[in-house]
1. Report the gain in length on full extension from L38 to T10: 0.36 nm times residue separation, minus Cα-Cα distance, nm rounded to one decimal.
2. What do you get for chymotrypsin sites (Phe, Trp or Tyr not before Pro) in segment 41-101 restricted to DSSP loop and a cutoff of at most 11 other Cβ within 10 Å of the site's Cβ?
3. In nm, to one decimal, how far is the K117 label point from the K60 one, both placed 7 Å along Cα→Cβ?
4. Could you give the nm distance between label points at F24 and K88, where each point is 7 Å from its Cα heading toward the beta carbon?
5. Once the Cα atoms of the chain are picked out, what are the Rg and Dmax in Å?
6. So if each residue of separation counts as 0.36 nm, and I subtract the Cα-Cα distance between I17 and S97, what length gain in nm does that give?
7. Along segment 5-12, what does the Karplus equation 6.51 cos²θ - 1.76 cosθ + 1.60 (θ = phi - 60°) give for ³J(HN,Hα), rounded to whole Hz, x for Gly and Pro?
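Read the figures in this text as sums done on the coordinates, not as results from a lab. Everything quoted here is computed from the prediction, not taken from an experiment. We place every Cβ from the backbone using ideal geometry, glycine too, and count neighbours over all the protein chains shown.
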Amino acid sequence: MFFRNRNPKTNPIGLIIVLTFYAFGLFYLLKNNLGDLLIPVVFYILVILLMIISAFLRQKKVSQKSFIFVFIGAILFVISDSILALNKFYMPLPFSSISIMLTYGLAQFFIVLGLLKQP
């Protein structure tokens, strides 16, 4: 859905650099405890980062409100999944269940709201 409304003039290189550092940092923390899930987790990290990039590429192709809401939703989705992964594969985090569901619910809310604001 996000790729359908991408702006070919938007350059995501800065975002890609930031996300690459984030992904390597997260992977560094998780790698020793992934076991057989190593490949699926790496693949999933790439997929959710691609979601952020595709949400970013909508900039100036859709309304500003739609862009901002969807982009915030994509970031919250990654935060939710990061908390989930850290809690499961790195160390137990206090209030992880609440944090995961709160960020996940807000992510879904903002993505849907942003898509509804799309012309």
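1. 6.8 nm
2. Sparse-neighbourhood loop chymotrypsin sites (Phe, Trp or Tyr not before Pro): F95.
3. Here the answer is 1.9 nm between the modelled labels.
4. Going from the F24 label point to the K88 one covers 2.5 nm.
5. Final numbers for Rg and Dmax: 15.1, 46 Å.
6. My answer for the length gained is 25.8 nm.
7. 10, 7, 9, x, 8, 6, 9, x
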